[in-house]
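Enquirer: Following this message is one structure expressed as structure tokens.
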Amino acid sequence: MTVYYKLLNLRKMRVIIGIILVAFCLPGVAQKDDKASTLLEEVSNKAKSYKSIKASFTYTMDNKAANIHETKTGILLVADDEYQLKAAGQTIFCDGKTVWTYISESNEVQINDIDTREGAITPSKLLTSYNANYLSRIIRDKDAVGPDYEAIELIPITTKNFVKAILIINKTLKQVKAFKIFDKNGNIFTYNVTKFQTDVPIKANDFTFVEADYPDVEVIDMR
């Protein structure tokens, strides 16, 4: 695997992490559509009540112009500012201070300090901070079928990696069922939650990389 390809994969995974955390934990939204804002706040408050969240999902990337259609699966485990994400042949561990990105294809792990800059994305900030970065409104969407589901469109007020997002929310359970991200390059990323578990038991090493569990792993410390 070339250095360029590795960096491209890592950038892609960082975008995926941000998108997934935003969708599952929900940021603050501008008060433009009262119904949408109220529902998002209810979903966020419900998420804050859990000690941990584990979500399995399918991930699809579509670009009609480039004739691209890719489908993958992933699993996200979150507790406060700690998380583990498995997707696209990589496993990312974060204990709130350090981030380990393990790439199975090359059997290597890259170690970075977590981004501590103001405004950096962490699960707990997303759960507790209402910073009015998005305009929200209820829309009609073909994936929001039945009386239990509502579709909410999010438009970022400030510059983001995407131009809009659509969340499909189960109004009864107060949970995100699916979400779609539309980026500036014509890509559409669709995530469907296939299993959503709350208050799952957390093991001691769920959010840290244990080198002994990966024989002959190449360690690249970028701190």
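Enquirer: Using a Förster distance of 45 angstrom, determine the FRET efficiency expected from the C-beta separation of Lys171 and Asp115, and round it to 0.05.
Expert: The pair Lys171/Asp115 has a calculated efficiency of 0.85.
Enquirer: Then there is this: Mind ordering 205-218, 175-188 by average Cβ neighbours within 10 Å, highest first?
Expert: Going by the mean number of other Cβ atoms within 10 Å, highest first, we get 175-188, 205-218.
Enquirer: If the cut-off is a Cα-Cα distance under 15 Å, which aspartates and glutamates reach Lys72, setting aside same-chain residues fewer than 8 apart in sequence?
Expert: Asp62
Enquirer: Hey, another quick one. Taking the Cβ-Cβ separation of Tyr149 and Asn107 as r and a Förster radius of 45 Å, what is the calculated FRET efficiency to the nearest 0.05?
Expert: After rounding to 0.05, the efficiency reads 0.60.
Enquirer: What does the extension gain come out to for Ile75 and Asn205, with contour length at 0.36 nm per residue minus their alpha carbon separation?
Expert: 45.2 nm
Since every read-out is calculated from the coordinates, none of them should be taken as a lab result. A quick note: this is a predicted structure, and the numbers were derived from the prediction, not measured. We place every Cβ from the backbone using ideal geometry, glycine too, and count neighbours over all the protein chains shown.
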